[in-house]
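Have a look at the structure below, then the notes.
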Amino acid sequence: MLVLSRHRDESIMIGDDVVVTIVDIRGDKVRLGIEAPNDIPVHRQEVYEAIKRENRKANHIQPADLRGLKEDRP
């Protein structure tokens, strides 16, 4: 892991397209501003882990699991 020290309003670059800026520091909390292209998803780690869990669950759905679901088509 690379560990960097930054002050408020200072930034780091990740590759050519991602900028992480220290927006605010209050006690043990740091607020970050992240600029990234729209095609690069940016999530908090706990949200990312939840998305991965849901995707794994959805990947294991069997046709029998879908019985009883109603289609919205006329």
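Name the lysines eligible as straight-distance cross-link partners of Lys70: C-alpha to C-alpha under 30 Å, and not fewer than 8 places from it in the same chain.
Lys52, Lys57
Taking the Cα centre as origin and putting +1 on Lys and Arg beta-carbons and -1 on Asp and Glu beta-carbons, what dipole magnitude results for the chain, to the nearest 20 debye?
440 debye
Tell me the relative contact order for the chain as a rounded percent, counting alpha carbon contacts under 8 Å between residues six or more apart.
16 percent
Which of the following values of Rg and Dmax of the Cα atoms in Å was calculated from the structure shown: [x] 20.0, 59; [y] 13.9, 43; [z] 14.0, 52?
Recomputing Rg and Dmax of the Cα atoms in Å here gives the entry labelled [x].
Putting +1 on Lys and Arg Cβ atoms and -1 on Asp and Glu Cβ atoms, find which of Pro63, Tyr48, Val3 reaches farthest to the positive end of the dipole of the chain.
In the chain, that residue is Pro63.
FYI, it's all coordinate maths here, none of it is from the lab. Bear in mind that the values here come from a model prediction, so they are computed numbers and not experimental data. Positions of Cβ are backbone-derived with ideal geometry, glycine not excepted, and every protein chain shown enters the neighbour counts.
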